[in-house]
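Structure first, then comments.
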Amino acid sequence: MTDTIIPLDAVRAQRDALRDQIAAQPKSYRPMVRDHASTTFAGNALRFATASEAGMYLIDLTMRWSAVADIRIDLCDDPPNYEWLDGRARPLRPGDPT
């Protein structure tokens, strides 16, 4: 068995490609709603770390707001600023893990 030597430039190129892929991934999930009078979706400033959290928020919103005609979850490049905890949306404090 012989050792394979990989040139340092190839290792750096792979590292940079992986870094670019990670940076291109969405950072948060944005809950969006459409009411009966509109043809477009609208949202607010809430951003969740997971699609599940955004979905729980939307389910809760549809129980409280009768004007909801449709819902969706958008991918977003903003950092998460809310979490779904104990049945409600709570703002993340600076330094909270996401």
TODO: Compare the peptides 66-73, 11-18, 29-36 by average per-residue count of other Cβ atoms within 10 angstrom and give them in order, highest first.
DONE: 29-36, 66-73, 11-18
- [ ] Take the chain, connect every pair of alpha-carbon atoms lying under 10 Å apart with a spring to form a Gaussian network, then pick out the residue of Asp74, Asp86, Asp60 with the largest mean-square fluctuation.
- [x] Asp86
Open item on the list: Helix 8-24 against the longest principal axis of the chain: what's the angle in degrees, Cα atoms only, rounded to the nearest 10?
Closed with: 0
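On a full-extension model of 0.36 nm per residue, what is the gain between Ala13 and Ser66, subtracting their alpha-carbon distance, rounded to one decimal in nm? Present the calculation step by step, with values, prior to reporting the outcome.
Numbers: separation 53, 0.36 × 53 = 19.08 nm, distance 5.25 nm.
Result: 13.8 nm gained on full extension.
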Task: Per-residue HN-Hα couplings for segment 79-94 [Karplus 6.51, -1.76, 1.60; θ = phi - 60°; Hz; x = Gly/Pro] - done: x, x, 10, 9, 10, 9, 9, 6, x, 7, 7, 10, x, 7, 8, x
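Laboratory data are not the source of any read-out in this text; all were calculated from the coordinates shown. All values reported here derive from a predicted model rather than from experimental measurement. Here the Cβ is made from the backbone with ideal geometry for all residues, glycine too, and neighbour counts use every protein chain on show.
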